[in-house]
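Working notes, structure below.
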Amino acid sequence: MTQNNYEQRKVLVIGGGASGMVAAIEAARYGARVVLLEKENRVGKKLLATGNGRCNFLNLQAEDRHFHGQHKDVIQSVLYHMPVQEVKLYFELLGITPKVEEDGKVYPYSDQGSNVLDLLRYEMDHLGVEVNTGEKVVSFDKKHKGWIVKTAAGKEHETHRVVLATGGKAGSQFGADDSGYALAAGLGHTITPLHPALVQIKLAAHWLKTLKGVKWQGAASVVIDGTVVRQEAGELLFTDYGISGPPVLQLSRQVHEYPEKSCELLIHLLPHWTTESIYEQLMTRFHLDPDKPVELCLVGLFHKRLISVVLKEAGITELMQPAHQVPVKSISRLADICREWKVPVTGTLSWNQAQVTAGGIETSEIDSITLMSKCCPGLYLTGEVMDVDGDCGGFNLYWAWATGIIAGRHAAAGKELSNDPHSIH
Ligand SMILES: Cc1cc2nc3c(=O)[nH]c(=O)nc-3n(C[C@H](O)[C@H](O)[C@H](O)COP(=O)(O)OP(=O)(O)OC[C@H]3O[C@@H](n4cnc5c(N)ncnc54)[C@H](O)[C@@H]3O)c2cc1C
């Protein structure tokens with residue numbers, strides 16, 4: 001692809017989020033006249049909230065195992081054509097010095113996520129991208145010389161190429177909605193079922209209020225119809241509706257995957273201990289001082305508020321009784337709970353709390369190299385609107401940047417659509 005084998009094209013980007021801003025920058029760098037339409041009163045609203053304001057903008061471990069969707073072709077192609085090191089360099093050239101933290105998470109060295117937005121906005125301005133905020137696109141149709149894009153206020157924009165960068169439904173308080181899916185479906189695209197992902201899990205348990213706010217380094221597994229489908233370790237946070245924390249957010253995707261099947265969560269309070277070592281530890285604690293009240297036997301091992309809950313779950317309800325009165329089979333049951341505490345799942349919190357959307361535009365309908373729609377030549381797709389979602393830790397923004405770069409370049413400089421009757425040339 002060279003920058004000088006085409007006439008100047010107009011590229012219209014719908015959506016001024018992460019992928020849309022980068023697509024606009026790349027299309028402009030590749031010589032196109034670029035207009036970006038954003039329905040909110042400013043671009044990059046959600047970006048400011050990412051990484052708790054620090055913007056975890058990449059993950060150096062970006063590999064296909066960290067991305068989910070019905071088909072992997074587009075994911076593998078994007079990872080190959082726009083690897084994470086290239087995206088990191090892209091941001092370094094914009095001015096972001098990366099700071100790499102645990103598990104490959106990358107933040108701006110300044111710890112200020114707003115810096116990423118500042119520099120993207122500067123670059124769009126510098127390249128002459130026309131940014132129109134407060135313009136919600138409600139339809140776009142192919143016309144003889146390209147596309148006509150219509151906004152809610154009745155304004156019409158003519159353009160040669162369109163980049164659909166409308167994101168997903170997650171984070172509705174930052175303006176996310178499902179209008180992008182409706183636009184794509186109207187052009188013949190298939191939308192796979194949409195679910196909130198990277199979101200807190202709701203549990204059915206009477207002890208939730210007691211444990212509200214307790215943090216615990218452990219692990220959790222999602223069990224579907226009796227089979228463990230995924231396990232994640234890290235800090236668990238008990239809440240009054242269920243459970244949160246990084247490992248839980250990762251697992252939430254699986255909760256909606258099989259809606260017709262039963263779903264349970266296994267909480268592993270001592271994930272690095274063998275069954276035998278847990279049992280031995282408990283037996284020692286219960287027999288060291290036979291007169292010690294039961295509720296003190298686990299002090300020094302567990303968070304205080306966890307103790308009464310796990311004892312009661314094991315059927316040990318008389319918390320003041322001396323340790324020697326507790327039958328061995330109750331200690332054995334307690335060991336089972338410490339290893340695998342099974343709790344029914346009732347669902348997840350909703351789009352407001354979710355960080356990403358599972359499901360979206362079927363990726364088999366997208367060219368894996370150019371990210372152009374196979375249904376509508378001249379339409380390019382980026383970011384979360386596709387049926388691709390990443391794990392927690394910078395993978396979703398990597399996906400937004402990488403797809404934005406690829407789509408922006410091809411929209412501006414890709415070869416002419418000779419088999420497209422609506423192509424302007
Ligand atoms: C609270 C929160 C924290 C997160 N933290 C991280 C993190 O630290 N690291 C990470 O990798 N990911 C994180 N994510 C996920 C990440 O922000 C998204 O996956 C990413 O922003 C998706 O980029 P996008 O360009 O596809 O969509 P978005 O960034 O959502 O942008 C879409 C834009 O399109 C606009 N739009 C939608 N419809 C229309 C329309 N019809 N007309 C005009 N404009 C329209 C929207 O207003 C929006 O500005 C977080 C998400 C949330 C909600």
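FYI, it's all coordinate maths here, none of it is from the lab. Computed from a predicted model, the values in this text were never measured in an experiment. Note that each Cβ is placed from the backbone with ideal geometry, even for glycine, and that neighbours are counted across all protein chains shown.
Over the chain, DSSP H runs of length four or greater, each weighted -39,500 (n - 2.57), average out per residue to a 222 nm ellipticity of -9000 deg cm²/dmol. In the stretch 200-349, Rg over Rh equals 0.99, where Rg is the alpha-carbon radius of gyration and Rh the Kirkwood radius from pairwise Cα distances. Structure remark: mean-square fluctuation, Gaussian network model of the chain, C-alpha springs under 10 Å; the largest value among D111, D289, D387 belongs to D289. Take every pair of alpha-carbon atoms less than 8 Å apart whose residues are at least six positions apart; their mean separation over the length of the chain yields a relative contact order of 25 percent. Annotation: extensible slack from S350 through E158 equals 65.4 nm (criterion: 0.36 nm per residue apart, minus Cα-Cα distance).
In the chain, which longest range has no GluC sites (Glu not before Pro) that are both DSSP loop (not H, G, I, E or B) and surrounded by at most 11 other Cβ atoms within 10 Å? Longest site-free region, per DSSP loop and neighbour criteria: 8-259. Each Lys and Arg Cβ is given +1 and each Asp and Glu Cβ -1; about its Cα centre, the chain then shows a dipole of about 660 debye. Listed by chain and number, the lysines whose alpha-carbon sits under 24 Å from that of K88, ignoring those within fewer than 8 places in the same chain, are K45, K46, K72, K99, K105. About the centre of its Cα atoms, the stretch 200-349 shows a dipole size close to 320 debye [charges on the beta carbon of Lys, Arg (+1) and Asp, Glu (-1) only; nearest 20 debye]. With a cut-off of 15 Å, note down the residues of the stretch 343-357 whose backbone N falls inside the zone around a label point 7 Å from the Cα of S172 toward its beta carbon. Flagged as within label range: 348-357.
Taking the C-alpha atoms only, the angle from helix 395-413 to the longest principal axis of the chain is near 10 degrees. Between D118 and H206, residue separation times 0.36 nm minus the direct Cα-Cα distance comes to 27.0 nm. From zero outward in steps of 10 Å, how is the percent of C-alpha pairs of the chain spread across the bins? Values per bin, smallest distances first: 5, 21, 26, 19, 13, 8, 5, 2, 0.
Once Rg and the Kirkwood radius are both taken over the C-alpha atoms of the stretch 121-223, their ratio Rg/Rh works out to 1.17.
Compared with the dominant Cα axis of the chain, that is its longest principal axis, helix 275-288 is turned about 40°. Counting Lys and Arg as +1 and Asp and Glu as -1, what is the net charge of the other residues whose Cβ lies under 15 Å from the Cβ of P246? Charge balance in the 15 Å sphere: -1. Take every pair of alpha-carbon atoms less than 8 Å apart whose residues are at least six positions apart; their mean separation over the length of the stretch 200-349 yields a relative contact order of 31 percent.
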